Amino acid sequence: MIETLNQMVIDKLGPMGPLMAVGGLGFLLMLITLPVLFKKEADPLDKLRDTRKNNTASGEKQALRVGGGNDKLEKYAAFLEPQDDAEYSAIQLKLLQAGYVGKNAVRTFHFAQFALGVGLLIVGAILVFIKSQNPDVPMTATNKMMWILGPGIAGYMLPKYWVTRRLEERKEEIINGFPDALDMMLVCVEAGQSLDQSIIRVAAEIRAGFPALADEFDIVSQEMKAGKDRVQVLRDMSERAGVMDVSSFVTVLIQSATFGTSIAEALRVFSAEMRDKRVMRAEEKANTLPTKMTLATMMLTVPPLLIILLGPSVYNIAQTLSQVSF
């Protein structure tokens, strides 16, 4: 079916017909999308912000908490951000767990997908045009579509792959640094510091080795200073981290505060458990090492050994057969 459609387009538009058809389709999609991008109702908050700026220019004092940033993608928010609340929350949580805590992270993520997808799609079309100019390199309609759509799909999926990799690396860093952070927190609490002070001290001490975990503790300390409820702050930390160890730690602190038990005792028991889990993870990786080494040894050792042992015999047999044939 694709070959038939390609032949029809070539008959009507010439050898460059498929490329012209794809370009025309892309241009048509852009024309359809532009009215949606530029159609945006005035936001009441924007009107209030403009009024405050005008009042400031006339000599009045500028109100506190007026946004100083100028987001160039705000006018395209209806196009770049999901309209479904569940989908928006899921993407926002994934970006938070990857370390992107900005309020425009979702918008920037979708813009990166759109820009890379369209940009690499254009690059693919240019490559097809260049290859079409060379008559020595024949290209079928399927090859042209693959060369055009392949880079576009890769560009669209690249930000998602990057965020997933960043999320996994951040989780691994938090898991590796959490036992040491708990030991430091236990020392601080037993030395007489409060939980808030110990969190600030631990964040400063572990930043050199585990910056992701230090950022989470900094966010917790700043939210507590702002007057947010401690239970909610700890639950938000558990949700941002996305690590089971942190969730268990938050549960222990909440239960300790609820039942009035000693935080130092709870930290002592939980930090010992975290150390045991770290030892178990190390032993698990060590136990999988012989299997991995066996496969590598077979691939790198057995073929050369067979060549050394059987090579002379195979050579002698080949020489004997050649003499017998003569």
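Worth pointing out:
- Unique residue being free of Cβ contacts under 8 Å to residues at least 60 places away in the same chain, out of contact with any strand residue (DSSP E or B) (no Cβ under 6 Å at 6 or more places or on another chain) and surrounded by 16 or more Cβ atoms within 10 Å (Cβ to Cβ) when the list is Val279, Val250: Val250
- Identity of the residue in the stretch 177-187, farther than 12 Å from Phe217 by Cβ and touching a helix residue (DSSP H, G or I) at 6+ places or on another chain (Cβ under 8 Å), that ends up least open to solvent (accessible area, probe 1.4 Å): Pro179
- Listed by first and then second residue, the pairs linking a residue in the stretch 100-113 that is open to solvent by 50 Å² or more (accessible area, probe 1.4 Å) to a residue that is among the small types (Gly, Ala, Ser), with Cβ atoms under 8 Å apart and 6 or more places separating them unless they lie on different chains, are Thr108/Gly102.
- Contact map, the stretch 229-247: residues that are free of Cβ contacts under 8 Å to residues at least 60 places away in the same chain paired with residues that are assigned to a helix (DSSP H, G or I) and of a type in the set (Asp, Glu), Cβ distance under 8 Å, separation 6+ or inter-chain. Pairs shown: Val233/Glu223; Asp236/Glu223; Met237/Glu216.
- Residues within the stretch 284-300 that are within 29 Å of the chain's Cα centre (by Cα) and open to solvent by less than 100 Å² (accessible area, probe 1.4 Å), tallied: 3
- Residue identified as under 18 Å from Asp180 (Cβ atoms) and either buried (at least 16 other Cβ atoms within 10 Å of the Cβ) or among the polar types (S, T, N, Q) (or both) among Ser271, Ser194, Ser262: Ser271
- Among the residues of the stretch 164-208, the one identified as in a loop (DSSP other than H, G, I, E, B) and touching a residue at least 24 places away in the same chain (Cβ under 8 Å) is Ile206.
- Breaking point among (1) of a type outside the set (A, V, I, L, M); (2) more than 30 Å from Thr164 (Cα to Cα); (3) without any contact (Cβ under 8 Å) to a residue 24 or more places away in the chain, for Asn287: (2)
- Residue list for the stretch 220-247, restricted to those being of a type in the set (Val, Ile, Thr), part of a helix (DSSP H, G or I) and buried (at least 16 other Cβ atoms within 10 Å of the Cβ): Val220, Val233, Val246
The values are calculated or read from the model by the stated rules, or taken from the named source; none is laboratory data. The structure presented is a predicted model; accordingly, all values stated were derived computationally and were not measured. All Cβ positions, even for glycine, are placed from backbone atoms using ideal geometry, and neighbour counts span all protein chains on display. Just the protein is used for accessible areas: all its heavy atoms, side chains included, with ligands, DNA and RNA removed. Shrake-Rupley method; radii C 1.70, N 1.55, O 1.52, S 1.80 Å.
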